[in-house]
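The values are calculated or read from the model by the stated rules, or taken from the named source; none is laboratory data. Quantities reported herein were computed from a predicted structural model and do not represent experimental measurements. Because the Cβ atoms are built from the backbone with ideal geometry, glycine has one as well, and the counts that use them run over all protein chains shown. These area figures cover heavy atoms from the full protein model, side chains too; ligands, DNA and RNA do not enter into them. Shrake-Rupley method; radii C 1.70, N 1.55, O 1.52, S 1.80 Å.
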Amino acid sequence: MVIKEIEIYRLSIPMEPFVIATGVMDYAQNTFIRVRTDAELYGVGECSAFPMIVGETQETCIAVAKDFAKIWVGKDPLALEDRLAELHTYIAKNSTIKSAFDMALYDLAAKAAGVPLYQFLGGTPREIHTDITIGIGSAEEMAAKALALYEGGAVALKVKLGKKPQEDIARMKAIRQAVGFDIPIRIDANQGWTYEEAVEALQGLEPLKIQFCEQPMRTYNDHLLAALRAETIVPIMADESVYDHHDAERICRTDSCDYINIKFSKSSGIAESLKIQAVTKEYGIPCMIGGMLESRLALAAKAHFAYAADNVKFYDLDTCMVGHLEDPVIGGLVYDGYAIKLTDGPGIAADISEEFLQKCDKWLV
């Protein structure tokens, strides 16, 4: 089997404006690829560019995707390590677009084996429930949103913070007053605080039963994470501080976090994500599988990964639930309330509808 051609699509999905500490997103600037072979099999992959976090835009993803496609055409897609190594050799970083190619290759390999992706990865199905995210707003707005989600059956809330500490504390007090203390609440500062602000905020949040705080400070303050942990009882989850398994080893070895958030857009895909969770398992540091603004196609790949990564204990797979105004996916991940199910079939068992793709810019290599 050889790769015959690769299709690249600008997969822009309109969404309600979503506010986090580092900016506002009004559409999911995703990239979708199909890796087609001479055996009539093809693999699909999707990535979601988040420029203020990972440093890639939809435009850079598309530009690099064209180069990646040229490298791969005519080669064996089942030689996964060789193909992925070629991408890393060609260009440093650019983990977001690499993750789409990684995903497509794994999808294709599982299809060639005639099994679901999780089975190809050595996993088995298990019960997964996602949290649901609340963007930054006024304390009153966020409390009202939290109450609506709680009354609608949410099993865990993820609250975006990372502004002025006292304002963030007020936001969380309002939310707890609205929903009570029975539902788990995790917070995500998206690198918004300085060290001093993180100490002030987390100590002030301690009475509010916070499950964990995700990425409180900028990554250049990683050397202060261990000290921050000593100042608060709120557990710390590293996100942007961990892009690959080398970062994971460094953060774990220095006792700098309680948990780690794995995202394909940071790690360059499934292959590296498996390495990250293996390292964290050795250190006894549980993980979360999270994302940017992917559709149900990439989210399905993440659920398959979670089935195979037993050190993944938390699930933040709500990205298309927080404001996507269109759903172009056929098959893939399915929500039963906040429980996650997967469509039966080989590989990821998902695709993008042709009707939606006809509206997208396309390149064929």
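What's the carbon and sulfur percent of the stretch 228-298's accessible surface, probe 1.4 angstrom, rounded to a whole number?
Values: 1060 of 2160 Å².
Ligands and nucleic acids excluded, carbon and sulfur reach 49 percent.
Go through 195-206, 330-341 and give me the packing order, highest mean Cβ count within 10 Å leading.
Answer by packing, highest mean first, reads 195-206, 330-341.
May I ask you to list the residues of the stretch 103-133 whose amide nitrogen lies under 20 Å from a point 7 Å from Cα along the Cα→beta-carbon direction of D327?
128-133
Quick one: work out the % antiparallel among DSSP beta bridges in the chain, nearest 5.
Details: 33 of 55 bridges.
The answer is about 60 percent antiparallel.
When the accessible area of the stretch 32-144 is computed with all protein chains present and a 1.4 Å probe, what percentage of it is carbon and sulfur? All intermediate terms of the calculation are to be shown ahead of the outcome.
Details: 2250 of 4320 Å².
That share works out to 52 percent.
Which of the listed residues, P328, Y315, M292, is farthest toward the dipole's positive end in the stretch 281-334, when Lys, Arg count +1 and Asp, Glu count -1 at the beta-carbon?
Result: Y315.
In nm, give the distance between the simple-model label positions of A144 and Q203, each being 7 Å from the Cα along the Cα-to-Cβ direction.
Computed distance between label sites A144 and Q203 equals 3.5 nm.
Excluding residues on the same chain fewer than 8 positions from K266, give the aspartates and glutamates whose Cα lies under 14 Å from its Cα.
Hits, sequence-local ones excluded: E46, E56, D102, D239, E240, D244, D247, E294.
If you count only protein heavy atoms with a 1.4 Å probe, what accessible area per residue comes out for the chain, rounded to a whole Å²?
38
Pull out the extension gain between L364 and I233, defined as 0.36 nm times the separation in residues minus the alpha carbon to alpha carbon distance; nm, one decimal. Present the calculation step by step, with values, prior to reporting the outcome.
Numbers: separation 131, 0.36 × 131 = 47.16 nm, distance 5.25 nm.
Computed gain between L364 and I233 is 41.9 nm.
Let me know the charge dipole size of the stretch 100-203 about its Cα centre in debye, to the nearest 20, where only the beta-carbon of Lys, Arg (+1) and Asp, Glu (-1) is charged.
Details: 11 positive and 14 negative charges, 29 e Å.
Rounded to the nearest 20 debye, it is 140 debye.
Starting from the Cα gyration tensor of the stretch 141-216, take the square roots of the eigenvalues, sort them a ≥ b ≥ c, and report rounded, prolate or oblate (rounded when a/c is under 1.5, otherwise prolate if a/b is larger than b/c, else oblate).
Numbers: a/c = 1.96, a/b = 1.89, b/c = 1.04.
Verdict is prolate for the stretch 141-216.
Using the per-residue mean of other Cβ atoms lying within 10 Å as a proxy for protection, in what order, highest first, do the peptides 79-88, 274-283, 237-246 fall? Please report the intermediate quantities before stating the final value.
Numbers: 79-88: 15.0, 274-283: 19.0, 237-246: 21.9.
Result, highest mean first: 237-246, 274-283, 79-88.
Could you list, in their original order, any pairs among K145/K341; K160/K275; K281/K313; K93/K275; K164/K263; K70/K98 whose Cα atoms are separated by more than 23 Å? Could the numbers behind the result be given before it?
Values: K145/K341 25 Å; K160/K275 28 Å; K281/K313 11 Å; K93/K275 17 Å; K164/K263 27 Å; K70/K98 14 Å.
Among K145/K341; K160/K275; K281/K313; K93/K275; K164/K263; K70/K98, the Cα-Cα distance tops 23 Å for K145/K341; K160/K275; K164/K263.
So how far apart, in nm, are the two label points at T57 and Q166 if each is 7 Å from Cα heading toward Cβ?
Placing both labels 7 Å beyond Cα along the Cβ direction yields 3.8 nm.
Among the DSSP beta bridges whose two residues both lie in the stretch 1-103, what percent are antiparallel, rounded to the nearest 5? Don't skip to the answer; put the middle values down first.
Values: 21 of 21 bridges.
Counting DSSP beta bridges with both partners in the stretch 1-103, the antiparallel share is about 100 percent.
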